[in-house]
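The values are calculated or read from the model by the stated rules, or taken from the named source; none is laboratory data. The model shown is predicted, which means the values in this text are computed figures rather than measured ones. Methodologically, a virtual Cβ is constructed for each residue, glycine included, from the backbone with ideal geometry; neighbour enumeration extends over all protein chains shown.
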Amino acid sequence: MLVTGASGFVGRPLVAALAAAGLAVRAATRSAVRFPAGVEPAVVPDFTQPVDWDPLLRGIDAVVHAAGLAHADSARIPVGTFDRVNRVATQQLAMAASRAGVAHFVFVSSVRAQIGASAEHVLRETDAPRPTDRYGRSKLEAEAAVRAAGVPFTILRPVVIYGPEAKANFRLLVRLASLPIPLPFAAFAHRRSILCIDNLISAILFVLSHRTTIGETFLIADPVPVTLRDLIVMLRQAQGRKPGLVAVPPRLLRLALTVLGQAHLWDRISGELAVDTGKLEALGWRPAVDTKAGLAAALHGLANGPGRQWLAPRDANG
């Protein structure tokens, strides 16, 4: 099995889980990384450059394509880079997998291929895709490239992912919850779906072992959407603290963020984005953990990881 982005936030624990399940894994990364025993490392160029996938696909029966360019710093990313890294590189890998006779190509896409930062109703796979930014459009176009490549595929659209090595959005939320002051989120009742890294990995393992998922696209999330208010409460409870929330009208907080030049944060904490995971659950998948347990484990990992450097920015691409 070939895993791309194998040193990234998703790729590293995925490779460990596949290896623990007794599967032979070839782990593609941009630089040399130490993996569990039995994992074969493979260094590939940055996806802004062409990659010769044919040698890496010899003897491979399944591919999990988890590498890609994340959207956290989209304003600073040159025009065309999202297309090159997310669409073109995915297309080239999928076509090479088809030539190699790969039996299953799992593409880790994003909910942003289907919708923007919020949705007025519970999102399902049958809803027409309406991405709102370059990142989402590049992911949707990458999905189309996978479908056109002729390789048996499954496409996963995860919502925002959290875990011990989580990136910008979750780290920002943890920073807020860790502040020793009351927070103005008691009135925030909009629901948002989030996804524990353990649940994403369980979904990937599930689709790899169930051929009924081939040719399908699935939204992936934790079992129950949560509000920002609930998230702060769970994070503070996991720290052994009281909720410490006060009710401030959301419109006033939006005004304050705008005045402070932080209007972009509003999209991260407002609006509703709940997804229905019933399609994959109907085939037998069940999330590995609930959100409360997942948040507690993520906090423990962030606080006790190597060097306790959980506030430092990390490379998103693996």
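For the residues Gly150, Gly68, Gly136, the requirement of being closer than 27 Å to Ala16 by Cα and of a type in the set (Gly, Ala, Ser) singles out Gly68. Considering only residues that are farther than 14 Å from Phe218 by Cα and not hydroxyl-bearing (Ser, Thr, Tyr), look in segment 123-138 and name the one that is farthest from the chain's Cα centre (by Cα). Here the residue is Arg130.
Could you run through segment 273-301 and say how many residues are part of a loop (DSSP other than H, G, I, E, B) and among the hydroxyl-bearing types (Ser, Thr, Tyr)? Counting residues in segment 273-301 that are part of a loop (DSSP other than H, G, I, E, B) and among the hydroxyl-bearing types (Ser, Thr, Tyr) gives 1.
The single condition among (1) within 26 Å of Pro78 (Cβ to Cβ); (2) without any contact (Cβ under 8 Å) to a residue 12 or more places away in the chain that Gln114 does not meet is (2). Name the single residue that is farthest from Ile115 (Cα to Cα) among those in segment 166-214 being polar (S, T, N, Q) and in contact (Cβ under 8 Å) with a residue 12 or more places away in the chain. Checking each candidate, the answer is Ser178. Within this structure, Ala148 passes the test of being at pLDDT 95 or above, within 21 Å of Leu219 (Cα to Cα) and out of contact with any strand residue (DSSP E or B) (no Cβ under 9 Å at 6 or more places or on another chain). Annotation: of all residues in segment 151-170 being part of a loop (DSSP other than H, G, I, E, B) and more than 13 Å from Ile214 (Cβ to Cβ), the one that is modelled with the lowest pLDDT is Lys167. Of everything listed in (1) of a type outside the set (Lys, Arg); (2) surrounded by 19 or more Cβ atoms within 10 Å (Cβ to Cβ); (3) at pLDDT 95 or above, the single unmet condition for Leu235 is (3). Residue under question is Gly150, and the condition is that it be of a type outside the set (Lys, Arg), surrounded by fewer than 17 Cβ atoms within 10 Å (Cβ to Cβ), in contact with a helix residue (DSSP H, G or I) (Cβ under 6 Å, 6 or more places away or on another chain) and touching a residue at least 40 places away in the same chain (Cβ under 8 Å); does it hold? For Gly150, the condition - of a type outside the set (Lys, Arg), surrounded by fewer than 17 Cβ atoms within 10 Å (Cβ to Cβ), in contact with a helix residue (DSSP H, G or I) (Cβ under 6 Å, 6 or more places away or on another chain) and touching a residue at least 40 places away in the same chain (Cβ under 8 Å) - is met. Selection over segment 83-103 of residues that are in contact with a Ser or Thr (Cβ under 7 Å, 6 or more places away or on another chain) and surrounded by fewer than 24 Cβ atoms within 10 Å (Cβ to Cβ) gives a count of 4. The residues listed here are Arg229, Arg175; of these, the one that is assigned to a helix (DSSP H, G or I), modelled with pLDDT under 90 and among the charged types (D, E, K, R) is Arg175. Condition check for Val63 on (1) loosely packed, with under 13 Cβ neighbours inside 10 Å; (2) modelled with pLDDT of 90 or more; (3) touching a His at 6+ places or on another chain (Cβ under 9 Å); (4) not acidic (Asp, Glu): one failure, at (1). Here Val248 passes the criteria (1) crowded, with 20+ Cβ neighbours inside 10 Å; (2) modelled with pLDDT of 85 or more; (3) out of contact with any Gly (no Cβ under 8 Å at 6 or more places or on another chain) except the one numbered (1). Quickly run through segment 294-309 and pick out the residues that are at pLDDT 65 or above and either under 13 Å from Glu165 (Cβ atoms) or surrounded by fewer than 15 Cβ atoms within 10 Å (Cβ to Cβ) (or both). Scanning segment 294-309 gives Ala297, Ala298, Leu299, His300, Gly301, Leu302, Ala303, Asn304.
When residues in segment 13-39 are screened for being basic (Lys, Arg) and at pLDDT below 95, 2 of them pass.
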